[in-house]
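The values are calculated or read from the model by the stated rules, or taken from the named source; none is laboratory data. Keep in mind it's a predicted model, so treat the numbers as computed, not measured. Neighbour counts are summed over all protein chains in view; Cβ atoms, including those assigned to glycine, are modelled from backbone coordinates with ideal geometry. Side chains included, ligands, DNA and RNA excluded: accessible areas come from the protein's heavy atoms. Shrake-Rupley method; radii C 1.70, N 1.55, O 1.52, S 1.80 Å.
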Amino acid sequence: MSNLRFHELRPSQIRAVREKFPVAYLPMGTLEWHGYHNPVGLDGVKATAMAERFAERIGGLVVPTLWWGDHRGILAEVVFVRPEFDHRPGIAEGHGLSIEAFQEDAKRAEADGGWTAYEAVLRNTFYELATFGFKVIVTISGHYPLMGPASRAAEAFNLAQRARVIPIIGFDLVRDRFQGDHAAQWETSLMLHLRPELVDMGALEPDRSKPLVGVMGVDPRGTATADYGRRGIEAMTEALRAKAHEALKEMGHAVPAA
Ligand SMILES: [Zn+2]
């Protein structure tokens with residue numbers, strides 16, 4: 001079956017997959033600056049495309065991506081990574097928006113309970129997916145800071161033994177060979193492999209003496225390739241396959257022979 005999106009399938013199609021391999025992939029992203037060369041939805045777009053690859057190669061179904069619930073109070077988390085270079089003015093300028101508007105919203109979001117609502121949405125989603133018959137739920141935090149609330153919600157939910165949640169980012173499964181970054185070599189390569197039509201490498205500043213605004217990690221200029229992205233995807237798939245099989249066994253579900 002080529003379409004593995006739960007929400008686009010009829011009940012009989014869902015049953016055919018779920019009864020054999022009851023694994024759901026929940027992609028999570030946010031809207032955040034990822035350089036002039038990548039779309040602002042990179043994290044969610046990447047997590048969705050990864051989920052579709054995993055479902056195709058490992059088994060299971062992809063459920064709708066969770067885009068909202070975070071806030072853009074600091075424009076991009078990347079602003080804190082290297083304090084000697086302030087990315088904020090460049091990002092605000094690139095958006096054509098004021099830094100102040102984002103900072104004001106950060107205060108409002110904190111006063112409104114921070115991650116509390118996001119964790120509640122995740123907890124409810126896990127119960128809903130367990131009710132739909134899934135035994136293993138893989139959350140894919142395309143935006144790395146979502147791993148915090150995902151892990152906390154998973155820990156609380158897993159105690160109930162209704163299903164097993166495995167929270168991942170992606171590169172965390174293959175840290176021995178690959179390193180995560182923000183809009184740099186790793187993320188740009190994943191996009192060049194998964195969704196090349198959304199990337200414009202020509203939009204990168206050609207003068208290498210100038211830092212790239214809101215890009216952190218190995219400079220993607222001349223290093224980001226679709227092939228590097230493909231190798232990353234293949235490594236993550238194999239690592240996740242082992243984890244998913246182990247979790248299915250723990251939940252008492254037979255794992256299909258390789
Ligand atoms: Zn990202």
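Restricting the first residue to the stretch 164-182 and requiring it to be in contact (Cβ under 8 Å) with a residue 40 or more places away in the chain, which pairs with a second residue that is polar (S, T, N, Q) meet a Cβ separation below 8 Å and a spacing of at least six or different chains?
Hits for this filter: R164/N158; I166/T139; I168/T139; I168/S141; F171/Q179.
Please find, among G29, G69, the residue that is among the small types (G, A, S), farther than 15 Å from I137 by Cα and away from the ligand (no atom under 11 Å from the Cβ). Outline the logic, then answer.
Details: G29 fails: away from the ligand (no atom under 11 Å from the Cβ).
That would be G69, the only listed residue that is among the small types (G, A, S), farther than 15 Å from I137 by Cα and away from the ligand (no atom under 11 Å from the Cβ).
Search the stretch 128-153 for residues being within 16 Å of the ligand (Cβ to nearest atom) and of a type in the set (S, T, N, Q), and hand back the single one that is farthest from the chain's Cα centre (by Cα). I'd like the intermediate steps shown before the answer.
Kept after step one, since they are within 16 Å of the ligand (Cβ to nearest atom), are these residues of the stretch 128-153: 139-148, 150.
Now restrict to residues that are of a type in the set (S, T, N, Q): 139, 141.
On the way: T139: 8, S141: 3 Å.
Going through the qualifying residues, I end up with T139.
Test R195 against the criterion of being under 11 Å from K46 (Cα atoms) and either open to solvent by 60 Å² or more (accessible area, probe 1.4 Å) or aromatic (F, W, Y) (or both), and give yes or no.
Values: under 11 Å from K46 (Cα atoms): yes; either open to solvent by 60 Å² or more (accessible area, probe 1.4 Å) or aromatic (F, W, Y) (or both): yes.
Answer is yes for this residue.
Condition first: among the charged types (D, E, K, R) and exposed (fewer than 15 other Cβ atoms within 10 Å of the Cβ). Now tell me which residues in the stretch 139-186 satisfy that. Don't jump to the end; show me each part of the working.
Keep residues of the stretch 139-186 that are among the charged types (D, E, K, R), which gives 152, 155, 162, 164, 172, 175-177, 181.
Once the filter is applied, which keeps residues that are among the charged types (D, E, K, R) and exposed (fewer than 15 other Cβ atoms within 10 Å of the Cβ), the stretch 139-186 yields E155, R175, D176, R177.
Go through the stretch 168-213 residue by residue and tally those that are more than 16 Å from the ligand (Cβ to nearest atom) and among the charged types (D, E, K, R).
The qualifying residues number 9.
Might you let me know whether the stretch 221-234 holds any residue that is touching a residue at least 24 places away in the same chain (Cβ under 8 Å), outside any helix (DSSP H, G or I) and basic (K, R)?
no
Looking at the stretch 62-96, which of the residues that are more than 10 Å from W33 (Cβ to Cβ) and touching an Asp or Glu at 6+ places or on another chain (Cβ under 6 Å) is modelled with the highest pLDDT?
V62
Just to check your reading of the model, which residue among G229, G217 is within 15 Å of the ligand (Cβ to nearest atom), open to solvent by less than 10 Å² (accessible area, probe 1.4 Å), in contact with a His (Cβ under 8 Å, 6 or more places away or on another chain) and more than 26 Å from V121 (Cα to Cα)?
Values: G217 fails: open to solvent by less than 10 Å² (accessible area, probe 1.4 Å).
Result: G229 is the single residue among G229, G217 that is within 15 Å of the ligand (Cβ to nearest atom), open to solvent by less than 10 Å² (accessible area, probe 1.4 Å), in contact with a His (Cβ under 8 Å, 6 or more places away or on another chain) and more than 26 Å from V121 (Cα to Cα).
Of everything in the stretch 140-159, what is in contact (Cβ under 8 Å) with a residue 12 or more places away in the chain and among the hydrophobic types (A, V, I, L, M, F, W, C)? Give them in sequence order.
Once the filter is applied, which keeps residues that are in contact (Cβ under 8 Å) with a residue 12 or more places away in the chain and among the hydrophobic types (A, V, I, L, M, F, W, C), the stretch 140-159 yields I140, L146, M147, A150, A153, A154, A156, F157.
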